[in-house]
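Remarks on the structure that follows.
The values are calculated or read from the model by the stated rules, or taken from the named source; none is laboratory data. None of these values were measured; they are calculated from a predicted model. Note: ideal-geometry Cβ built from the backbone for every residue, glycine included; neighbour counts use all protein chains shown.
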Amino acid sequence: MNKLMALILAGSAMAASAQVAVPGVATPVPAEEIPAKRVAVFVQNRTRVKAIDDEIDGIRDRLTSSLAAVDGLQLVDSSQVADSFRRYKVNTDEEKKELISGIFTGGSIPNIARMLNCDYIIAASVVGASSLRRKQGDQPSTVFTLRMTTKIMDASGANVSSVPPWTGSFPVLNESGDDPMNYYNILFDRWVGATVDRIASGALNWRKPTAAASAMVAFRVTTSIDKVVTVLESQTKGTKGGGATVELDGAVIGTCPGEFRAAPGLHQIKITRQWMQTYAATVNVYDGLQLDVAMEMSEAGLAKWGSAEAIRADVAKRYSEAARERGVKVNIDTSNWRDAVLGGGHGTKIKVTD
């Protein structure tokens, strides 16, 4: 009897510790074994209601904190997202005019995803915010309406889930001059609740992120000051000077003129040189890009030199002295130099050619 009981207990223990696969029935995977999906949340105001601009950070924080409670999602810190958005914010006006493909159209998603080390990006847009005055019986009222769109994209910019456009209204009796943002914020809270419910119901089914293209492309950067430097270097037989410093996404990558390599897509490019105004812009980098920047003198430069001709003369003097130290005789012809060579406020800010 004791032997039989021992066999029964042993069999029960084995059954409890084993997972038996039943044909046609999926064996559940413990939640802790499912890799968390790393997600960054962006929110943009596409309306003409300027007051909403001041609410964007708060709206993003509300959506981010609510999504953090969804199983399987790991949210990127809002401050990192805000910093990334500010670095690319120059695109928003251009994007609204359909001049460039930015964060919310998926054009710069691979760059943002790499920078934030995330698998997915949720891009929400406020596309409508309006108020309509009417009467309910003898009572004046105002109906506030909010319209939102939400896109969920993987690291390559491809859509991975469908979130229907959301519209909500909030009627107010005897509004009497209250701040409209009080009512829009009520609607934002409703939208956050509805959106989080929708995302939570489908997040486990999001497909695995498509790897973003990692191929590097070559592009070249030159500035107007480089043209003067090139002329001088050609006449001083190899005397080399330092060109303008080039930064890509916050990191120094070299000096102008020069050829550089980067992942294709939108990047923040910054060019600096002493006595010149700093140039900064978001540029769509592609293979063969030729970026020619007309640099202008800074206020400090104008105060020191007074004119572009004066700084040219000083540059020529420096090269002559360097050449003399190398035992090289210099005879620099400046008869063809023109104000436009250094920009001087007359040149185009940026010129991109194929």
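The table for this structure:
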{"read-out": "Subset of the range 286-303 [modelled with pLDDT under 85 and part of a strand (DSSP E or B)]", "value": "M297"}
{"read-out": "Any hit, the range 116-134, residues being at pLDDT below 90 and assigned to a helix (DSSP H, G or I)", "value": "yes"}
{"read-out": "Positions within the range 154-169 being over 27 Å from the mean Cα position of the chain (by Cα) and either assigned to a loop (DSSP other than H, G, I, E, B) or buried (at least 17 other Cβ atoms within 10 Å of the Cβ) (or both), in sequence order", "value": "G168"}
{"read-out": "Residues of the range 152-172 satisfying the condition of being of a type outside the set (A, V, I, L, M, F, W, C), out of contact with any Lys or Arg (no Cβ under 7 Å at 6 or more places or on another chain) and modelled with pLDDT of 90 or more", "value": "P164, S169, P171"}
{"read-out": "E175 vs. criteria at pLDDT below 75 and assigned by TED's automatic domain parsing to the domain that holds A113", "value": "yes"}
{"read-out": "Unmet criterion (only one of (1) out of contact with any Phe, Trp or Tyr (no Cβ under 7 Å at 6 or more places or on another chain); (2) modelled with pLDDT under 90) for V41", "value": "(2)"}
{"read-out": "Test: R134 is closer than 30 Å to V76 by Cβ and either among the acidic types (D, E) or free of Cβ contacts under 8 Å to residues at least 24 places away in the same chain (or both)", "value": "no"}
